[in-house]
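Have a look at the structure below before the remarks.
Where a number appears in this text, it was derived from the coordinates with a stated rule and is not lab data. Only a predicted model underlies this, so the values are computations on that prediction, with no experimental measurement involved. Here the Cβ positions follow ideal geometry from the backbone for every residue, glycine too, while neighbour counts run over all protein chains shown.
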Amino acid sequence: MGKVTGFLEFNRELPAKRPVAERVNDYKEFVERYSPEKLNQQSARCMDCGIPFCHNGCPLGNMIPEFNDAVYRESWKEAYDILSSTNNFPEFTGRICPAPCETACVLGINQPAIAIEEIERHIIEIAFEKGFVQPRKNIVRTGKKVAIVGSGPAGLAAAAQLNHAGHLVTVFERDDFPGGLLRYGIPDFKLEKWVIDRRIKIMEEEGVTFKCRSNVGVNISINDLLREFHAIVLAGGSTTPRNLDIPGRELKGIHFAMEFLKQQNKRTAGLSPLKDEQSGALESNLLNHELLATGKNVVVIGGGDTGSDCVGTSNRHKAKSVVQFELLPKPPENRSQAMPWPTYPMLLKTTSSHEEGCDRQWAVATKEFIGNTEGKLTGLKLVDLEWKSENGRPSKFTEVPGSERVIPCDMVLLAMGFVHPQHEGMIRELELELDDRGNVRATEKNYQTSMSKIFSAGDMRRGQSLVVWAIKEGRDCAQKVDEFLMGKSMLDTADDTPVVRYVAAG
């Protein structure tokens, strides 16, 4: 490494953030950049650890010590080449990845881990500024046509890789613009949408075709795709939200998190939050009124990142109060014997949205939604839970006697995750086999569904997961599609050296 004693000399530091009082008044990203000196110091903390467990911690197999060393030496083109060899979209993962690589960092055994995610974000932004990120030209075409259904991170990764392999790629997206969850689920204060547009422009210049407002199985015939394309990749995500079916669920004021977040993202983009361009989409019948938390007592049910995004958005709406409930007990702040290094630990996570204002409550269950005679939500009946642990992890709970209570509430946002992809339309029409969780059945061995020319990747195949896993799935699926079309593949996966079918310009 560039400075083998760096981890002894420098402490972990994260970039500064804009003050809470300022940032809650807009939807701009608020994490600032390191100074050149701080970036150098943070990359210098990467140890000469011998066996870099961060490689395994990262689903993409990013070569983290190698790009940290290049950053320390200010060899920016080298750092970019290393990072982009395994990650198609470091500008996404550098902003919204929960960084499992950091929990596997060897330094993290007894010190704060390397700030890998932030270093990754800096590499790609410096690469764009210096003009290193350019569309690949003179790609040798195979004549094979591939359709990608869904333009989230898995679909985009599959499209980028298959295009680099020389195939003619068309991406079908049912929404107004490409990006999927990145555009319509992640708030702009975490990922501004010009970041997506910048990458889409590069992909278009490389030859990828995007067809938006194209809902396969609704206004686009799946049979037409089967006739026109040599292979199809289904990457539509896990879009059916988990419901809370308790008394009072029919009351007005109870919404799924993505309905709330999507409306705000469209509003931020200057679009009408009520305009439904995707006939037949699951949420279409719920877009007949605007969802605003302004002046309301908001309760977010679900303690994950989506719930946190609802908190941050509610704060920007100027909610009267924001409470977030989690069914599980409060996680510990440090690893326990049940969470040994380098496994991914379930620790207490305080996000920037929580810092902006939120009453967080753990081990709480909602028993009933309470309403008035007009059918509007007015409160929640709650009960505290007592958990018993098994092997250091919560396993069973009982309700605490006498803990039932009712709290005032005008808006509930259900952020309890997703159960499986939408079955109506495309999946049902194709009669694809599903696994026992309702996901499209396709093994990691070849990513093929029960129809040989149809493949699946990302959350639609594996279930709700992380953006970094979606990118990996898209890359790995692309290799299997390439192999299916050509007999063998020259595309890379996390374990291979990248080699693609293109002629370098000049």
Extension gain, Arg405 back to Asn243 (0.36 nm per residue minus Cα-Cα distance, nm): 56.1 nm
Rounded to the nearest 0.05, what FRET efficiency do Phe132 and Glu290 have when you use their Cβ-Cβ distance and R0 = 35 Å? 0.25
Modelling each spin label as a point 7 Å along the Cα-to-Cβ direction, I'd like the Thr209/Lys488 distance in nm, to one decimal. 3.1 nm
Could I have the simple spin-label model distance between Lys445 and Glu355, label points 7 Å from Cα toward Cβ, reported in nm to one decimal? 4.8 nm
If contacts are Cα pairs under 8 angstrom and at least 6 residues apart, what is the relative contact order of the chain in percent? 17 percent
Calculated FRET value between Arg335 and Ser75, using beta carbons and R₀ = 41 Å, to 0.05: 0.75
Within the chain, the percent of DSSP beta bridges that are antiparallel, given to the nearest 5, stands at 40 percent
Pairs Lys145/Lys211; Lys38/Lys201; Lys28/Lys472; Lys330/Lys388; Lys190/Lys318: which exceed 21 Å Cα-Cα? Lys38/Lys201; Lys28/Lys472
So who's got an amide H within less than 5 Å of the one on Lys367, skipping anything under 5 residues away but keeping other chains? H placed 1.01 Å off N, in plane. Lys381, Leu382, Val383
At what distance in angstrom do the alpha carbon centres of the range 321-340 and the range 379-401 lie from each other? 13 Å
Here the alpha-carbon Rg of the range 132-231 over 2.2 N^0.38 Å rounds to 1.09
If you stretched the chain out fully between Glu37 and Lys318, how much longer would it get, using 0.36 nm times the residue separation minus the C-alpha to C-alpha distance? 97.4 nm
For Ser395 and Leu271 in one chain, what is 0.36 nm times their gap in residues minus the Cα-Cα distance, to one decimal in nm? 40.2 nm
Suppose every K and R has +1 on its Cβ and every D and E has -1 on its Cβ; what is the size of the dipole of the range 243-416 about the Cα centre, in Debye to the nearest 20? 220 debye
Alpha carbon centroid spacing (whole Å) that separates the range 1-66 from the range 188-253: 32 Å
Along the range 252-259, what does the Karplus equation 6.51 cos²θ - 1.76 cosθ + 1.60 (θ = phi - 60°) give for ³J(HN,Hα), rounded to whole Hz, x for Gly and Pro? 6, x, 10, 9, 6, 4, 5, 5
Counting other Cβ atoms within 10 Å of each Cβ, which GluC sites (Glu not before Pro) in the range 423-486 have at most 14 and sit in a DSSP loop? Glu424, Glu431, Glu433, Glu444
Once you put a point 7 Å from the Cα of Lys376 and another 7 Å from the Cα of Lys453, both along the Cβ direction, what distance in nm separates them? 5.5 nm
Taking R0 as 41 Å, what FRET efficiency do you get between Glu386 and Glu250 from their Cβ-Cβ distance, rounded to the nearest 0.05? 0.85
Ranked highest first by average number of other Cβ atoms within 10 Å, how do 394-400, 1-7 line up? 1-7, 394-400
Per the Cα gyration tensor, the range 6-129 corresponds to an equivalent ellipsoid with semi-axes, largest first in Å, of 23, 17, 15
Kirkwood Rh over alpha-carbon pairs of the range 243-416, then Stokes-Einstein at 37 °C and 0.692 mPa s: what D in µm² s⁻¹, rounded to an integer? 188 µm²/s
Through the Karplus equation 6.51 cos²θ - 1.76 cosθ + 1.60, θ set to phi - 60°, convert the phi angles of the range 79-93 into ³J(HN,Hα) values in whole Hz; use x for Gly and Pro. 4, 5, 4, 5, 5, 6, 5, 10, 10, 5, 9, x, 5, 7, 5
Zone of Trp194 (label point 7 Å along Cα→Cβ, backbone N under 20 Å): which residues in the range 204-237? 204-205
